[in-house]
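The values are calculated or read from the model by the stated rules, or taken from the named source; none is laboratory data. For clarity, every value in this text was computed on a predicted model and none was experimentally measured. Here the Cβ is made from the backbone with ideal geometry for all residues, glycine too, and neighbour counts use every protein chain on show. The protein model used for the area step is the full one, side chains on, heavy atoms only, and it has no ligands, DNA or RNA in it. Shrake-Rupley method; radii C 1.70, N 1.55, O 1.52, S 1.80 Å.
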Amino acid sequence: MKFRAKIVDTACLNHFTRVSNMIAKLAKTCTLRISPDKLNFILSDRVANGGVSMWCELEQENFFSEFQMEGVSAENNEIYLELTSENLSRALKTAQNARALKIKLTNKHFPCLTVSIELLSVSSSSRVVTHDIPVKVIPRKLWKDLQEPTVPDADVSIYLPVLKTMKSVVEKMKNISNHLIIEANLNGELNLKIETELVCVTTHFKDLGNPPLASENASQDRNLEQMAEVHIDIRKLLQFLAGQQVNPTKATCNIVKNKIVHFDLLHEDVSLQYFIPALS
């Protein structure tokens with residue numbers, strides 16, 4: 001098993017750092033899947049975390065100027081590593097204005113992702129800062145639990161409002177209730193609701209639009225005004241929203257009635273899928 005990669009372009013380095021910061025906010029520990037053409041950050045906390053799962057994908061050629069890897073074997077040319085997300089984002093914090101960043105799978109009495117950052121000093125000579133991030137190599141037999149989640153057919157798909165706005169609304173609602181109802185229809189309307197014995201608060205978003213395919217398929221035999229709803233843990237939604245540092249290029253919410261809400265985001269060339277299950 002071998003892995004080494006290098007980033008020299010400043011914009012790519014900054015973008016990779018942003019992705020790493022986002023992952024650290026979404027998951028305490030995650031799995032890094034390395035394959036010849038992609039990197040994935042995966043969270044599959046089915047039981048422990050109330051079933052929240054995440055699949056973040058980036059094409060390596062959009063980030064790395066050099067990328068070499070050899071997987072477990074020729075037919076299983078992949079590497080799965082478990083790591084503490086914050087360790088990676090902390091290491092990359094020192095990479096601002098760096099000349100180059102190198103990442104390598106090493107063995108220092110235990111497996112590590114060694115991150116070497118070449119920094120320019122005042123005298124224009126460079127110095128290298130190295131971080132060893134402990135990782136756990138995940139054996140082949142456990143890979144099956146870490147595959148891309150299948151997306152169930154949604155009752156409603158809708159484009160999301162500006163995530164910053166959504167976050168500030170949810171933050172206020174969290175002070176009143178731990179549970180939130182998210183509901184949407186095929187008429188571009190999304191509601192965030194909390195209901196307690198004392199109070200009922202709803203925030204309405206209108207004219208958001210629905211992805212074309214979703215509305216075509218569903219609208220043939222459906223009332224466009226009819227809402228599909230799901231009850232979720234408000235803290236899980238807030239954690240997802242807090243992880244979004246920049247507004248994505250595209251953001252969709254897919255609701256499977258009373259089962260799951262699936263967020264599908266595209267940040268330039270990084271895709272993020274995030275699944276929050278309904279409260280039973």
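Among all residues of segment 269-277, there is none that is open to solvent by less than 40 Å² (accessible area, probe 1.4 Å), farther than 19 Å from PHE41 by Cβ and modelled with pLDDT of 95 or more. When every residue of segment 86-105 is checked against the conditions, none turns out to be in contact with a Gly (Cβ under 8 Å, 6 or more places away or on another chain) and open to solvent by less than 30 Å² (accessible area, probe 1.4 Å).
Take ALA27 and tell me if it is closer than 22 Å to PRO134 by Cα and at pLDDT below 95. When the stated conditions are applied, ALA27 passes them. Considering (1) open to solvent by less than 70 Å² (accessible area, probe 1.4 Å); (2) more than 16 Å from GLU86 (Cβ to Cβ), say which one GLU66 fails and leave the rest. The single condition GLU66 does not satisfy is (1). Contact map, segment 94-108: first residue closer than 26 Å to SER124 by Cβ, second residue outside any strand (DSSP E or B), Cβ cut-off under 7 Å, separation 6 or more or different chains; pairs are ALA95/LEU13; ALA95/THR17; ALA98/LEU13; ALA100/VAL8; LEU101/LEU13; LEU101/ALA95.
Regarding SER116, is this residue open to solvent by 20 Å² or more (accessible area, probe 1.4 Å), without any contact (Cβ under 8 Å) to a residue 12 or more places away in the chain and hydroxyl-bearing (Ser, Thr, Tyr)? The answer is no for SER116. Taking segment 97-122 as the range and being touching a Cys at 6+ places or on another chain (Cβ under 8 Å) and either among the hydrophobic types (A, V, I, L, M, F, W, C) or not assigned by the TED database to the domain that holds THR10 (or both) as the test, only LEU105 passes. Scanning segment 5-20 for residues that are part of a helix (DSSP H, G or I), open to solvent by 10 Å² or more (accessible area, probe 1.4 Å) and over 13 Å from ASP269 (Cα atoms) yields a total of 3. Here is the figure for segment 132-150: residues that are farther than 19 Å from ILE79 by Cβ and open to solvent by less than 50 Å² (accessible area, probe 1.4 Å) total 1. Of all the listed residues (GLU183, GLU171), the sole one being acidic (Asp, Glu) and either open to solvent by 70 Å² or more (accessible area, probe 1.4 Å) or part of a loop (DSSP other than H, G, I, E, B) (or both) is GLU171. For segment 74-88, the condition of being charged (D, E, K, R), touching a residue at least 60 places away in the same chain (Cβ under 8 Å) and more than 22 Å from LEU13 (Cβ to Cβ) holds for at least one residue.
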